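Visitor: This is the structure I want to talk about, given as structure tokens.
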Amino acid sequence: MRILSGIQPTGSLHIGNYLGAVRQWIELQEKNECFFPIVDLHALTAPQDPKEFKKSILEKTTELLSVGIDPEKCVLFVQSDVSEHTELAWILNTLTPIAELERMTQFKDKSQKQKSNVNAGLLTYPTLMAADILLYQTQAVPVGEDQTQHLELTRKLARKFNLKYGETFVIPKEIVPKEGARIMSLTNPKAKMSKTDDTASSISLFDEPKDIKAKINAAVTDTGSAITYNSARKPGISNLLTIYSEFSGETIAQLEKKFKGKGYAAFKKSLAELLVKKLAPFYEKKKDLEKREVYIEETLKKGAQKAEAIASTTMQDVRSKVGLLSR
Ligand code: TYM
């Protein structure tokens, strides 16, 4: 299967990104043709410091390689290195009603969060994402739950284009994990874990043991002391149980039994120890890769060449279908 999924370069890779998306990528790269762009242009819809931004793109590449993304098995590249992404996004913009974009949950959330910078890029963010996906004739897109609305719009745009100009794009489906598709913030379990919030709210895959322990210890829990799953009434403990279950492989029911009568403190201590153990190899690998900047840059260059070959073929077809002169 042809697979594509992207990630923004800013902020450290956190356990939500991992459980919702990247863990699936690592499995899928074994038997599929996978494309993983680091979507730098999407990240520009939020304010960025140019120097830091450049660093974050290389840093995100290092992080992905550290957790098991293998450039021999997939195409890892930077979105802006392949100019067809923005070219196709423009064409898709001309097919997208503004009202569709205005009702996107992420647009509404981000407009609230950055009130003084509600730029046009925030609004058209989903059409660039649709371009990322459709350019590669992607069949499946492994993402967390927060991206499913964008996937629905992508399918709508693909169908609309195909209907208007003739069969051009494959209609992609999403792959959303049964568990871990929406990991919540540690400080506010009613909001999703996000890399733009305060650092106490999320656990990076590269956090040091003392930080992991402190953050789990400080994680918001609920009234009562029973370790039971109830996402409406006990969102804090339910979120921690999901994290525990996903990293240990034990079911929620097994965990409820294991921690019966034990209280929050013992549960948190055990969860922190589990995370420290599971995340340690990532940290070690990253320390190693950080010394290999040339390799990281070469990897991205090679990735962009491979991506370009596919993207340019689709774009030529699109140009011809909509009546643009061939280049
Ligand atoms: P981004 O960079 O915010 O997140 C990358 C991936 O991590 C998932 N994710 C989560 N999963 C579970 N719980 C959470 N708390 C959590 N937070 C993030 C996201 O669902 C995502 O799969 N718009 C995308 C990037 C993008 C893209 C694409 C994705 C651009 N083009 C094309 C797929 C296909 C985004 O901002 O992801």
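Visitor: If we only count helices (runs of 4 or more DSSP H) wholly inside segment 17-67, which ones have 3 or more residues that are under 18 Å from Ile133 (Cβ atoms)?
Guide: Fully inside segment 17-67 and qualifying: 23-28, 40-43.
Visitor: Please state which of the following conditions Asn117 fails to meet, knowing it meets all the rest: (1) at negative phi; (2) in contact with a helix residue (DSSP H, G or I) (Cβ under 6 Å, 6 or more places away or on another chain); (3) in contact (Cβ under 8 Å) with a residue 12 or more places away in the chain.
Guide: In the conditions (1) at negative phi; (2) in contact with a helix residue (DSSP H, G or I) (Cβ under 6 Å, 6 or more places away or on another chain); (3) in contact (Cβ under 8 Å) with a residue 12 or more places away in the chain, Asn117 misses (2) alone.
Visitor: Follow-up. Across segment 141-171, what is the number of residues that are over 19 Å from Gln316 (Cα atoms) and either modelled with pLDDT under 95 or part of a loop (DSSP other than H, G, I, E, B) (or both)?
Guide: Within segment 141-171, residues that are over 19 Å from Gln316 (Cα atoms) and either modelled with pLDDT under 95 or part of a loop (DSSP other than H, G, I, E, B) (or both) number 2.
Visitor: Sort out which residues of segment 227-242 are in contact (Cβ under 8 Å) with a residue 12 or more places away in the chain and either of a type in the set (A, V, I, L, M, F, W, C) or within 15 Å of the ligand (Cβ to nearest atom) (or both), and write them in order of number.
Guide: Across segment 227-242, the qualifying residues are Ile227, Pro235, Gly236, Ile237, Ser238, Asn239, Leu240, Leu241, Thr242.
Visitor: List, please: which pairs have Cβ atoms under 7 Å, are six or more places apart or on different chains, and start with a residue in segment 1-28 that is more than 23 Å from Thr45 (Cα to Cα) and end with one that is among the hydroxyl-bearing types (Ser, Thr, Tyr) and more than 6 Å from the ligand (Cβ to nearest atom)?
Guide: As it stands, the answer is Arg2/Tyr136; Arg2/Thr138; Ile3/Thr138, since those pairs meet every condition given.
Visitor: Considering each of Glu250, Glu298, Glu284, Glu246 in turn, give the residue that is within 18 Å of Ser185 (Cα to Cα), under 26 Å from the mean Cα position of the chain (by Cα) and among the charged types (D, E, K, R).
Guide: Glu246
Visitor: Applying the selection to segment 137-149, what residues are surrounded by fewer than 22 Cβ atoms within 10 Å (Cβ to Cβ) and more than 6 Å from the ligand (Cβ to nearest atom)?
Guide: Gln137, Gln139, Ala140, Glu145, Thr148, Gln149
Visitor: If Glu30 meets every condition in (1) within 10 Å of the ligand (Cβ to nearest atom); (2) more than 26 Å from Ala120 (Cβ to Cβ); (3) more than 15 Å from the chain's Cα centre (by Cα) apart from one, which number is that one?
Guide: Exception for Glu30: condition (1).
Visitor: Looking at segment 1-36 only, could you name the residues that are closer than 15 Å to Gly144 by Cβ, among the polar types (S, T, N, Q) and touching a strand residue (DSSP E or B) at 6+ places or on another chain (Cβ under 7 Å)?
Guide: Answer for segment 1-36, where residues must be closer than 15 Å to Gly144 by Cβ, among the polar types (S, T, N, Q) and touching a strand residue (DSSP E or B) at 6+ places or on another chain (Cβ under 7 Å): Ser5, Asn17, Gln24.
Visitor: What are the residue pairs meeting all of these: first residue in segment 253-265, first residue at positive phi, second residue at pLDDT below 95, Cβ atoms under 6 Å, and 6 or more apart or on different chains?
Guide: From residues that are at positive phi, the pairs are Gly263/Ser225.
Visitor: Return the total of residues in segment 1-27 being in contact with an Asp or Glu (Cβ under 8 Å, 6 or more places away or on another chain), among the small types (Gly, Ala, Ser) and within 7 Å of the ligand (Cβ to nearest atom).
Guide: 2
Visitor: Test Ser326 against the stated conditions and say whether it is of a type in the set (Gly, Ala, Ser), in a helix (DSSP H, G or I) and either loosely packed, with under 14 Cβ neighbours inside 10 Å or in contact with a helix residue (DSSP H, G or I) (Cβ under 8 Å, 6 or more places away or on another chain) (or both).
Guide: no
Visitor: Looking only at segment 196-206, decide whether some residue is surrounded by fewer than 17 Cβ atoms within 10 Å (Cβ to Cβ) and either of a type in the set (Ser, Thr, Tyr) or touching a residue at least 60 places away in the same chain (Cβ under 8 Å) (or both).
Guide: Yes; the residues of segment 196-206 include at least one that is surrounded by fewer than 17 Cβ atoms within 10 Å (Cβ to Cβ) and either of a type in the set (Ser, Thr, Tyr) or touching a residue at least 60 places away in the same chain (Cβ under 8 Å) (or both).
Visitor: In contact with a Ser or Thr (Cβ under 8 Å, 6 or more places away or on another chain) and within 8 Å of the ligand (Cβ to nearest atom) - does that describe any residue in segment 150-171?
Guide: No - not one qualifying residue is present in segment 150-171.
Visitor: Filter segment 172-195 down to residues that are of a type in the set (Lys, Arg) and in a loop (DSSP other than H, G, I, E, B) and give me whichever is nearest to the ligand (Cβ to nearest atom).
Guide: Arg182
The values are calculated or read from the model by the stated rules, or taken from the named source; none is laboratory data. Everything quoted here is computed from the prediction, not taken from an experiment. Every residue, glycine among them, receives a Cβ derived from its backbone with ideal geometry; neighbour counts consider all protein chains shown.
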